[in-house]
1. Take each of the peptides 51-58, 16-23, average the number of other beta-carbon atoms within 10 Å over its residues, and list them starting from the highest.
2. So for the chain, averaging the separation of alpha carbon pairs under 8 Å that are six or more residues apart and normalising by length, what relative contact order in percent results?
3. Could you give the dipole magnitude of the chain about its Cα centre, charging the beta-carbon of Lys and Arg +1 and that of Asp and Glu -1, in debye to the nearest 20?
4. For the chain, give the percent of accessible area contributed by carbon and sulfur heavy atoms, probe 1.4 Å, rounded to a whole number.
5. Give me the mean projected area, in nm² to one decimal, of the convex hull enclosing the Cα positions of the chain.
6. Show me, for the stretch 7-16, the HN-Hα J-couplings you get by feeding each phi into the Karplus relation (A = 6.51, B = -1.76, C = 1.60, θ = phi - 60°), rounded to Hz, glycine and proline as x.
7. Once you place label points 7 Å from the Cα toward the Cβ at E14 and A65, how far apart are they in nm?
8. When ligands, DNA and RNA are left out and all protein chains stay put, how many square angstrom of accessible area per residue does the chain have with a 1.4 Å probe?
Amino acid sequence: MIQPSEVVSVIRHEVRPGHEGAYEEWTREVLPIARTFDGHHGVAIVRPPDGSRTYTLVLPFDTLAPLRAWPD
């Protein structure tokens, strides 16, 4: 469950047609690792609506410092 946060990062990825399954697999591998970072409060994935290929990831942090330390 995502906790209330002071800082939120929003990342959008446009996935190439036919690569949605690979992207979903990548999120299943990466998200458990992301949860181990201090100050990070999970990830919400907003899957694209019909007709779109843009996934939106919402990453809340407790303060700005952990967001700045977040890997690029």
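1. Going from most to least packed, we get 51-58, 16-23.
2. 46
3. On the way: 7 positive and 10 negative charges, 19 e Å.
Computed about the Cα centre, the dipole is about 100 debye.
4. Numbers: 2790 of 5110 Å².
Carbon and sulfur together cover 55 percent of it.
5. With every direction weighted equally, the projected area is 5.1 nm².
6. 9, 10, 10, 10, 10, 10, 10, 9, 8, 5
7. Going by the 7 Å Cα→Cβ label model, 3.8 nm.
8. The answer is 71 Å² per residue.
The values are calculated or read from the model by the stated rules, or taken from the named source; none is laboratory data. Just so you know, these numbers come straight off a predicted model, no measurement behind them. Note: ideal-geometry Cβ built from the backbone for every residue, glycine included; neighbour counts use all protein chains shown. We work out accessible area using only protein heavy atoms, side chains counted, and drop any ligands, DNA or RNA first. Shrake-Rupley method; radii C 1.70, N 1.55, O 1.52, S 1.80 Å.
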